[in-house]
Structure formats: structure tokens, C-alpha cells
Amino acid sequence: MRIISILFFVACALFTNAQDKVTTEVSKALRAGDANALAKYFTPNVDLAIGDNEEMYSSAKAKDAMSKFFSSHKPTGFEVKHEGTSKLDDQYRIGDLKTNNGNFRVTFFMKKTPQGMRIKQLRIEEDGY
């Protein structure tokens with residue numbers, strides 16, 4: 001029984017570490033305005049909302065939409081402010097993205113896939129929502 005308990009805690013620690021790594025890498029990509037690095041963590045189809053425009057995109061199209069966003073809103077900083085677990089057992093992060101054209105609230109939902117944690121939904125809303 002003791003071995004099972006130890007294995008359980010090790011598995012939980014590894015899973016938490018994987019989530020933290022994805023959060024760190026996604027945060028770096030947002031801070032740098034790097035759509036290519038961000039797209040590495042997209043599921044094959046991503047629910048992407050930028051302002052009032054919300055659509056389901058393939059990961060390639062979502063990467064293109066993020067490149068377009070970053071070209072007109074050069075990031076100057078990003079910081080995760082809140083994290084948690086949704087009712088659907090997805091992990092979410094909410095943060096502040098500062099750009100040369102204003103500040104935005106960014107929310108991304110991640111789900112566990114065979115490749116690890118991946119972003120299934122990304123929302124970028126003007127600050128003040």
C-alpha cells in the first residue's frame with residue numbers, strides 16, 4: 001500500500017510539473033508575441049476569440065490569426081494572474097497581456113491529450129471586460 005501511495009504522489013507531481021511547463025512556455029510565447037511557439041501547444045482545432053471575433057480554427061489557421069494579432073499589437077509583457085480547474089476538468093489560466101496598442105485579458109483552457117497539456121480555447125479580450 002505504501003508503494004502505491006508513493007507512486008500516486010510521484011505521478012501527481014509529474015502531472016503538475018507538465019502543466020506548469022506548458023503554462024511557462026505559453027506565457028513566454030505570449031510575452032514575446034511568438035505565434036509559432038504558441039501554436040506548438042494548440043489542439044488540432046482551437047476555439048479562438050479575439051475581441052468580438054470568435055471561431056473554431058485549425059491549429060494552423062489559429063497560428064495565422066495570432067500572428068496577425070501580434071503584428072498589430074506588439075506585446076510588452078504577459079503575466080498569469082489566476083489559474084484553476086473548470087467544471088469539465090480542464091485547466092485554465094487568466095492573465096494580463098500588455099501591448100503597444102493597449103492591454104488585454106487572456107484566458108486559455110488546456111486539456112490533457114496523449115501529447116500532454118494542449119490549448120483547446122484561447123480568448124483575448126480588451127482590458128475592462
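The values are calculated or read from the model by the stated rules, or taken from the named source; none is laboratory data. The shown structure was predicted, so the numbers you read here are calculated from the model rather than taken from an experiment. All Cβ positions, glycine included, derive from the backbone under ideal geometry; neighbour counts span all protein chains shown.
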For this session: Could you tell me whether the range 23-40 includes any residue that is among the acidic types (Asp, Glu) and under 17 Å from Glu126 (Cα atoms)?
Result: no
Seminar exercise, completed: Scanning the range 66-91 for residues that are buried (at least 16 other Cβ atoms within 10 Å of the Cβ) and within 23 Å of Met56 (Cα to Cα) gives Met66, Phe69, Phe70, His73, Asp90, Gln91
Exercise. Any chance the range 105-119 includes a residue that's under 17 Å from Ala35 (Cβ atoms) and surrounded by fewer than 14 Cβ atoms within 10 Å (Cβ to Cβ)?
Worked result: no
For this session: Would you check which residues across the range 108-129 are among the acidic types (Asp, Glu) and not in a strand (DSSP E or B) and list them?
Result: Asp127
For this session: Return the only residue of Ala49, Ala60 being aliphatic (A, V, I, L, M) and assigned to a helix (DSSP H, G or I).
Result: Ala60
Seminar exercise, completed: Of (1) touching a Lys or Arg at 6+ places or on another chain (Cβ under 9 Å); (2) modelled with pLDDT of 95 or more; (3) within 21 Å of Thr23 (Cβ to Cβ), Lys111 satisfies every one except (2)
For this session: Could you tell me which of the residues Ala37, Ala65 is under 13 Å from the mean Cα position of the chain (by Cα), without any contact (Cβ under 8 Å) to a residue 40 or more places away in the chain and part of a helix (DSSP H, G or I)?
Result: Ala37
For this session: Name the single residue, out of those in the range 1-46 being β-branched (Val, Ile, Thr) and closer than 20 Å to Glu83 by Cβ, that is modelled with the lowest pLDDT.
Result: Thr16
